[in-house]
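Structure record follows, encoded as structure tokens.
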Amino acid sequence: MALSIDDRNLRNLKASIQPRLFESFGAHFVEIDGVGGVRFRVWAPNARAVSVIGDFNHWNPSAHAMQRTDEPTVWQTFVAGAIENQCYKFQIETDAGMKVDKADPFAFGTEMPPNTASVLYDPKYVWGDQQWMTHRARCNALDAPISIYEMHLGSWMLAPHGQETIVSYRGLAERLVQHVQSMGFTHVEFLPIMEHPYYGSWGYQTSSYFAPTRRYGSPSDLKYLIDVLHQHDIGVLLDWVPSHFITDAHGIGRFDGGPVYEHPDPQQGYHPDWKTNIFNYGRTEVCNFLLSSAFYWLEQFHADGLRVDAVASMLYRDYSRKEGEWSPNSEGGRENLEAIAFIRSLNQQVKAHFPDVLLAAEESTSWPKVSRPVQQDGLGFDCKWDMGWTYDSLSYMRNNTGHRKNHQNQLTFRAVYANNENYILPISHDDFVHGKGSLFEKMPGDPWQKFANLRLMLGYQYSLPGKKLLFMGCEFGQRSEWSHDHMLEWEQLELPEHDGIRHWVQDLNRLYRTTPALFERDCREKGFRWIDCNDTERSVLSYLRVGETVGSEVLIVCNFTENPHHNYRVGVPHGGFWKELINSDADIYGGSCVGNNGGVEAVPIAYHDCGWSVTLTLPPLAILFLGKG
């Protein structure tokens with residue numbers, strides 16, 4: 001079959017940016033000379049021969065041999081009468097004469113794991129989220145409130161009535177919308193939903209870069225879930241893994257008998273920690289494959305952004321490698337120059353075509369300008385996860401209250417770098433696995449103190465500059481460490497102390513979304529001002545969040561000990577009444593009901609370099625938010 005006119009882009013496969021290869025490769029329903037069927041196309045540059053095998057030809061490799069196109073590394077054929085939901089693979093004869101059966105790298109659908117075939121799927125879907133799509137730029141802006149509910153679909157909630165079955169994409173929709181709306185989150189973020197053979201990888205060992213996992217339903221079912229979320233003004237972010245991929249026999253590893261998608265040098269093409277392959281970012285076809293995957297999820301599934309996983313492992317050639325296990329780049333350094341170029345190109349291309357989406361990097365090192373434009377020598381992401389804040393804050397909170405005065409620098413250090421990047425403050429799944437315990441279990445003290453510390457930790461997260469991310473279960477203080485094999489312990493909400501945590505997070509989201517000082521200058525230095533960070537003896541921090549409007553400041557005071565502090569003077573920038581907006585020690589949250597009777601009047605007594613001051617009662621293990629009444 002001759003190369004058709006709609007495939008002109010394939011002639012420059014090695015030399016040009018091609019962000020929509022999913023339109024040309026894989027399996028597409030077409031009509032040729034009045035006959036309906038499926039056109040198959042695959043990139044196999046080193047293959048001696050390629051056939052498509054599947055339900056439509058009884059898996060007979062002789063039935064539909066593929067021919068080279070005008071681009072000789074690309075093979076194609078047409079199968080008349082092939083229909084949706086039929087399974088298929090490519091049988092590839094390698095240059096050495098071996099035959100391997102491979103899933104389609106561009107497949108839109110997959111079999112239910114552990115089966116590994118690709119599935120014919122027509123991606124047509126009628127969306128109902130036009131209103132959301134027209135205004136989502138405002139919801140994803142860096143001066144907007146962004147509060148993300150991170151979740152693993154398979155363990156969030158099982159089917160009703162205690163059935164031990166995972167709910168479907170469609171079955172999740174109504175309950176997820178109800179929960180996220182009631183809690184006040186602005187976005188959900190799904191751990192990778194791209195197909196993955198090992199369920200225990202949570203999706204981070206991807207096998208299909210264009211197909212959602214079949215475990216929860218069809219691709220159309222996932223589109224329905226996203227559509228419903230959008231129709232209720234909830235953004236959807238997808239976790240995406242361009243850093244490494246599976247070595248399973250049916251995957252893209254050694255696709256036509258040798259390294260195609262992976263780097264041929266094991267020091268650059270194999271990840272020793274994860275036992276996975278690393279992409280060859282120096283190969284244009286591979287970069288276009290990944291770029292097309294990003295475009296596919298943003299375009300075909302209306303995703304509102306991507307959280308790019310394990311960016312640090314892409315940036316450094318010596319990542320997780322000992323001396324002698326890595327080789328320097330062409331300039332003698334440890335940086336992966338090809339991966340850096342890919343990341344910058346990816347972000348530039350995505351923002352050029354989807355300017356209203358959010359691109360976030362999970363990057364754990366001090367690499368500069370991760371969230372700065374490429375034109376300013378940055379990587380081009382919109383935001384970066386502040387994993388240092390997570391580590392320091394949780395380390396501090398683990399201390400018994402009597403020892404916290406010796407570690408206050410773990411809380412104050414963030415101010416040194418807080419304006420270097422546009423940050424997301426994550427309390428994520430990574431913090432509650434592999435024996436790390438739940439967020440509740442990390443808190444010291446007796447049960448009452450644990451819950452008070454938990455409320456304080458969550459309030460502290462919401463009070464600081466940076467967008468918010470909270471992993472499922474933390475919103476009600478689940479006691480057990482998260483397990484992908486079990487759903488969240490929703491029954492704990494029947495206990496008042498857990499319902500108090502739920503109510504606290506609900507009110508934190510409400511306050512956050514309705515108080516511009518808490519979000520509109522998140523990524524600017526003027527959005528935060530210390531009042532006093534030096535009261536280590538009493539383990540108290542006080543600071544202001546500052547909005548665009550004069551007088552809109554919010555005063556935050558944290559007491560990290562179990563002792564209430566009476567007549568505690570704090571400087572404020574304005575006179576008048578300072579209303580207690582929210583108090584984590586309120587009885588409705590399970591606290592001891594110590595507070596300030598709704599607020600305090602500022603007096604003209606200079607303190608903390610301010611012309612006015614207020615005298616407060618600081619509840620035990622609590623955080624106060626106060627604003628001008």
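Computed values, structure above
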| quantity | calculated |
| --- | --- |
| Whole-number percent relative contact order across the chain, with pairs defined as alpha carbons under 8 Å at least 6 apart | 10 percent |
| Whole-percent carbon and sulfur share, accessible surface of region 334-420, 1.4 Å | 50 percent |
| Region 102-145: C-alpha gyration tensor shape, a/c 1.5 cut-off, then a/b vs b/c | prolate |
| Dimensions (Å) - region 161-247, Cα atoms, principal axes, largest first | 41, 29, 22 |
| Chymotrypsin sites (Phe, Trp or Tyr not before Pro) restricted to region 426-494 and DSSP loop, no more than 13 other C-beta within 10 Å | none |
| Per residue accessible area in Å² of region 168-260, where ligands, DNA and RNA are left out and the probe is 1.4 Å | 25 Å² |
| Pair-distance profile P(r), taking every C-alpha pair of region 196-248, with 10 angstrom steps and integer % | 22, 47, 27, 5 |
| DSSP bridge orientation in the chain - percent antiparallel, rounded to nearest 5 | 70 percent |
| Point-charge dipole on Cβ atoms (K/R +1, D/E -1) for the chain, about Cα centre, debye to 20 | 840 debye |
| Region 418-527 - accessible surface per residue (Å², probe 1.4 Å) | 34 Å² |
| Cα-based radius of gyration of region 345-453 once divided by 2.2 N^0.38 Å, which approximates compact folds | 1.33 |
| Contour excess over end-to-end distance, with Cα ends at ASN60 and HIS574 and 0.36 nm allotted per residue | 177.0 nm |
| Heavy-atom accessible area order for CYS610, CYS533, largest first, 1.4 Å probe | CYS533, CYS610 |
| Restricting region 523-595 to chymotrypsin sites (Phe, Trp or Tyr not before Pro) in coil, as DSSP defines it, with at most 12 other Cβ within 10 Å | none |
| Length gained when the stretch ASP143-SER182 is fully extended (0.36 nm per residue, less Cα-Cα span) | 11.7 nm |
| Cα gyration tensor category, rounded, prolate or oblate, for the chain with a/c compared to 1.5 | prolate |
| Tensor-based shape of region 288-401 (alpha-carbon gyration tensor, a/c under 1.5 rounded, otherwise prolate or oblate) | oblate |
| Distance (nanometres) between label positions extended 7 Å along Cα→Cβ at VAL30 and GLU325 | 4.6 nm |
| Principal axis box of region 308-351, alpha-carbon based, largest edge first, Å | 38, 23, 8 |
| Coil-residue trypsin sites (Lys or Arg not before Pro) of region 494-581, DSSP, other Cβ within 10 Å capped at 16 | ARG524, ARG538 |
| Kirkwood Rh, angstrom, region 90-200 [1 / mean 1/r, Cα pairs] | 17.9 Å |
| Approximate shape of region 542-629 as ellipsoid semi-axes (Cα gyration tensor, √5λ), whole Å, largest first | 21, 14, 11 |
| Calculated FRET value between ASP273 and GLU84, using beta carbons and R₀ = 56 Å, to 0.05 | 0.90 |
| Kyte-Doolittle mean at least -0.5, axial Cα span of 15 Å or more - DSSP H helices of the chain | 169-183, 219-231, 284-300, 337-353, 447-463 |
| Exposure ranking of CYS139, CYS593 by accessible area [1.4 Å probe, largest first] | CYS593, CYS139 |
| Cα centroid separation, region 590-625 to region 181-254 (Å) | 45 Å |
| Long-range Cα-Cα pairs in region 377-511 (distance over 22 Å), rounded percent | 39 percent |
| Accessible surface ranking that places the most exposed of LYS102, LYS450, LYS275 first, with a 1.4 angstrom probe | LYS275, LYS450, LYS102 |
| Sulfur and carbon atoms: percent of accessible area, region 177-225 [1.4 Å] | 46 percent |
| Efficiency of FRET from Cβ geometry, VAL374 and ALA606, R₀ 45 Å, rounded to 0.05 | 0.45 |
| Area accessible to solvent at THR536, 1.4 Å probe radius, in Å² | 50 Å² |
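The values are calculated or read from the model by the stated rules, or taken from the named source; none is laboratory data. The structure presented is a predicted model; accordingly, all values stated were derived computationally and were not measured. Every residue, glycine among them, receives a Cβ derived from its backbone with ideal geometry; neighbour counts consider all protein chains shown. Please note that ligands, DNA and RNA were not included when accessible areas were found on the heavy atoms of the full protein model with its side chains. Shrake-Rupley method; radii C 1.70, N 1.55, O 1.52, S 1.80 Å.
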